[in-house]
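Rule-based calculations on the coordinates, nothing more; no lab input. Everything quoted here is computed from the prediction, not taken from an experiment. In this analysis, Cβ positions are derived from the backbone assuming ideal geometry, glycine residues included, and neighbour counts consider all displayed protein chains.
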Amino acid sequence: MNTILMNSNKKSAGIAAVVAKNEETILAEWIREMSGSVRRTDLIKESDLRAQCAQFLQLMKDGLETGNVNFQSSVWEKTREMLGDLSRSRAALGFMPSETASFVFSMKRPLFTQVRQDSKDDAEALAEQMWIITELLDSMGLYTTEVFQKSREEMIRRQQEELLELSTPVVKLWDGVLALPVIGTLDSARTQVVMESLLQAIVETNSRIAIIDITGVPTVDTVVAQHLLKTVTAARLMGADCIISGVRPQIAQTIVHLGINLLDVTTKANLASAFALALRKLGITFVRDTQKS
Amino acid sequence: MAVTSTENLPLVSEPDVVAIRRRVREISAQLGFTLVDQTKVVTAASELARNTVIYGGGGIVQLESLNGPRVGLRLIFEDKGPGIPDVELALRNGFTTGSGMGLGLGGAKRLVNDFEIVSRTGEGTKVTITRWK
Ligand SMILES: Nc1ncnc2c1ncn2[C@@H]1O[C@H](COP(=O)(O)OP(=O)(O)OP(=O)(O)O)[C@@H](O)[C@H]1O
Ligand SMILES: [Mg+2]
């Protein structure tokens, strides 16, 4: 082992001793240090925050005692776990990433103060200890930001998926007739969901006709058209005929200009006329009860 | 010809295509385009924006509101991608080097009044379209 490393091992253990000796003071000052915006008493209870701080300080002390100040090493695994949990829960609670990182950063000053008092007469030792603390706390702060970001992304992805499912409900209009109102942009991900839920519903309800209603789709370009045609083809393979409804005049014109060939897909201006056509295809007719009207 | 206002939007990914559609819809409505004309220019913009993202490797779009003597909307799509080796062929219905229907470029041309394309292999592609009110 080289001397520099040995030195830093000793220094780190020294910091641990300072922490052990002044635990209460550091804790109190640290919590005071967290300004109102970091403390966010609107989002987290004072007592919970205290418990988190105490736990973190304990882990910090344990880690420093080992003499290993590389935050990526296994010595710090428990600390990483704790900070990871903290970041994830704060992301869910609605904290800002900076407020989360400040949990770690706001400990710098109280810790420095104690270390400075301890090494008053040894400037070199003090400088080294400061360096160790700074490096360690910085990588911890960065780590909270990373975890925070990842869990936010995960949350957004989950919400998007839920939204996808929500926005593509297949409704049974009649025995043998399904309707699928599509709302919004029909991109590849949406199409996959739309197609799957439609095909599944066709099988489950043993339907012969599926109406895909695009009233809620603002623009039909080549990609949307291609996705629609794919869905129609797949439905056909399952034994169901498709009618596309909600083809407004401006959409019809655009489709023609684009040169899209909707093959032999039946299209209707609105859902009602598509439904009427579906019933006719099934041989169902309605007769007005003249006696009542 | 007076350009009333100009704005640039980035075109890097699919959400940008959605944003451009929305913006073109807004501007064309403000300019007083009919619903049919709005839909035409929005659809053309959607096609060209997607080509810029997929084939051009991203780029920018410039939106110009023209306010006199004729009222219109001009859109300029520009990328520094691989360029199109044979523009005439690319404009042909059904021609695609990707997995599309090969209708976007020619379709966009049919949906607007003026269409101009400059493309150089290895340098990039610039498509300018104008729809008059
Ligand atoms: N900005 C661009 N840079 C490079 N190549 C392009 C660009 N735009 C179009 N191309 C080429 O021209 C071809 C035809 O484009 P077009 O938009 O007509 O069809 P597509 O995008 O392949 O399919 P679709 O638009 O029907 O979904 C593309 O496949 C591509 O090879
Ligand atoms: Mg295209």
*From the residues A:N261, A:F56, A:V147, which one has its Cα farthest along the dipole of chain A in the positive direction, the dipole being from +1 and -1 charges on Cβ of Lys/Arg and Asp/Glu about the Cα centre?*
A:N261
_10 Å Cβ neighbours from other chains, averaged over peptide A:248-254_ = 5
*Beta bridges per DSSP with both ends in chain A, % antiparallel, nearest 5*: 20 percent
*If R0 is 25 Å, what FRET efficiency do you get for B:V71 and B:A19 from their C-beta distance, rounded to 0.05?*
0.60
_Contour excess over end-to-end distance, with Cα ends at A:Q291 and A:E154 and 0.36 nm allotted per residue_ = 43.2 nm
*Give the calculated FRET efficiency between A:D42 and A:T134 to the nearest 0.05, with a Förster radius of 30 Å applied to their Cβ-Cβ distance.*
0.45
*Near-label residues of segment B:73-94 by backbone N, under 13 Å of a point 7 Å along Cα→Cβ of B:L9*: B:74-77
*Go from 0 up to the bin containing the longest alpha carbon distance in chain A, width 5 Å each, and give me the % of pairs per bin.*
1, 5, 10, 11, 10, 7, 5, 4, 4, 5, 6, 6, 6, 6, 5, 4, 2, 1, 1, 0, 0, 0
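Would you compute, from DSSP H runs of 4+ residues alone, the mean residue ellipticity of chain A at 222 nm, taking -39500 (n - 2.57) per run and dividing by the full residue count, rounded to the nearest 500?
Counting only the DSSP helices, I get -21500 deg cm²/dmol.
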*Efficiency of FRET between A:N261 and A:V171 - r from beta-carbon atoms, R0 25 angstrom, step 0.05*: 0.30
*Considering only DSSP beta bridges whose two residues both sit in segment A:171-281, what percent are antiparallel, to the nearest 5?*
20 percent
*Qualifying trypsin sites (Lys or Arg not before Pro) in segment A:21-116, DSSP loop, other Cβ atoms within 10 Å at most 14*: A:K45
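Quick one, could you list the DSSP H helices from chain B stretching 20 Å or more along their long axis (Cα atoms) with average Kyte-Doolittle hydropathy of -0.5 or above?
Those that clear 20 Å and a mean of -0.5 are B:35-54.
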*Most fluctuating residue of A:S245, A:S139, A:S47 in a GNM of chain A with Cα springs under 10 Å: which is it?*
A:S47
*Sequence-distant lysines (8 or more away, or on other chains) whose Cα lies within less than 17 Å of B:K109*: B:K40, B:K126, B:K133
_Exceeding 27 Å between C-alpha atoms, which entries from my cross-link table qualify? They are A:K10/A:K108; A:K150/A:K230; A:K172/A:K230; A:K45/A:K108; A:K21/A:K150._
A:K150/A:K230; A:K21/A:K150
*Taking 0.36 nm per residue of separation and subtracting the Cα-Cα distance, what length does fully extending A:L93 through A:R116 add?*
4.7 nm
